[in-house]
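The values are calculated or read from the model by the stated rules, or taken from the named source; none is laboratory data. This structure is a prediction, so every number in the text was calculated from the model and none was measured. Methodologically, a virtual Cβ is constructed for each residue, glycine included, from the backbone with ideal geometry; neighbour enumeration extends over all protein chains shown. For the accessible areas, the whole protein counts, side chains as well, though only heavy atoms, and no ligand, DNA or RNA atoms are used. Shrake-Rupley method; radii C 1.70, N 1.55, O 1.52, S 1.80 Å.
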Amino acid sequence: MKNITLKASEIASMVNGELFGDPDRTINGVAGIRDAKVSDLSFVGSKTYEEMLNDSAAGIVLISEDIKSRDTEKRTLILCKHVDHAFGNIAAKFADEPPAWKVGIHPSAAISGSAKIGQGVSIGAHVTIEDDAEISDGACIGAGCYIGHGAKVGAASILYPNVTLMYRCTIGRKCIIHPGVVIGADGFGFVPGPNGLVKVPQTGIVEIHDDVEIGANTTVDRARFGKTVIKSNVKIDDQVMVAHNVEVGESSILIAQCGIAGSSRIGQGVIIAAKAGINGHITIGDGSKVAGTSGVVKSLPPNSVVVGTPAEGQRDFIARLALPNKVEKLSAQLKALKAELAELKALK
């Protein structure tokens, strides 16, 4: 972490926030609300965590509008509209720079004579680059990566160690691909035959557009025919599964361990939360949100918000979740009424 000091007044100016308390209070680090010390900046982005604010030792805390506390006896508070974003911007000022990529080709790299290597690239130890592959200017290929026949890596993209990019698949400009990602393995295609399952050839490719980030150990399968497409500015978490012929629209987010079955279409600006599953051959409309562990079995119109398995709207889900309790209460009431009725009959 960089050795710098910031005043509360400086931070408030940086995040366009409203300051409560001592403007001259200083911090020299950032931390989560539980672990923060008096010399740290922290944040509370929801009233759900407001109790943690009172117990925290943080010297300066960024707070959201729904935090009621304005107690500045122990700390300075800065009210922000977008707390997570503001905290991220300040945290970045303290972060150490990652190790610099060294321009050049490591002597242990195995590079085909027909591969095209651009200017200013970095190619690490034990990288394999097959025939007719293309590595564009400024790209960085980490140790142990495999770039298949005819595959392409766009300018200024980064492939961290042990990424596999299979034959003919392409990665656009300024992408970040984290360790262990496999792009372009065969889609899961089999059909029953007289002697058991028969493999269906997966003849397509994966096409990844610009500014995409893919987390560690995620897999994106090649298309059965045509393309599996990840469009620009998509962000994919660790251990996500994207099946053959899927299309993921611009600026969508796929969170850890979610799975997208074959030939589904994910619209623009969609959020699919952790461990959610998307059925094959359906469409998730632009701007939709799928809650964690949900199972979506049919297409969703734009701006849907769904939860549960099978996935449904929040109101329907809550109503169904509350139904057993309602039935139990009604059963108790009915039992009591029957007892009263029996007593009345006995009196007669």
- Query: If you scan segment 239-255, which residues turn out to be open to solvent by 30 Å² or more (accessible area, probe 1.4 Å) and under 21 Å from residue 288 (Cα atoms)?
  - Reply: 241, 247, 250, 251, 253, 255
- Are there any pairs, at least 6 apart or on different chains, whose C-beta atoms fall under 8 Å, with the first in segment 302-323 and part of a strand (DSSP E or B) and the second of a type in the set (Lys, Arg) and modelled with pLDDT under 80, and if so, which? 312/320
- Task: Could you grab me the full set of residues in segment 178-198 that are open to solvent by 30 Å² or more (accessible area, probe 1.4 Å) and more than 15 Å from residue 262 (Cβ to Cβ)?
- Result: 178, 179, 182, 192, 194, 195, 196, 197, 198
- Single unsatisfied condition, residue 264 versus (1) hydroxyl-bearing (Ser, Thr, Tyr); (2) open to solvent by 50 Å² or more (accessible area, probe 1.4 Å); (3) within 21 Å of the chain's Cα centre (by Cα): (2)
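Listed here are the residues, each with its yes/no results for (1) outside any strand (DSSP E or B); (2) touching a Cys at 6+ places or on another chain (Cβ under 7 Å); (3) touching a residue at least 24 places away in the same chain (Cβ under 8 Å).
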| position | (1), (2), (3) |
| --- | --- |
| 132 | yes, no, no |
| 138 | yes, no, no |
| 150 | yes, no, no |
| 156 | yes, no, no |
| 167 | yes, no, yes |
| 174 | yes, no, yes |
| 179 | yes, no, yes |
| 192 | no, no, no |
- Taking segment 200-238 and keeping residues among the hydrophobic types (A, V, I, L, M, F, W, C) and open to solvent by 60 Å² or more (accessible area, probe 1.4 Å) leaves 225
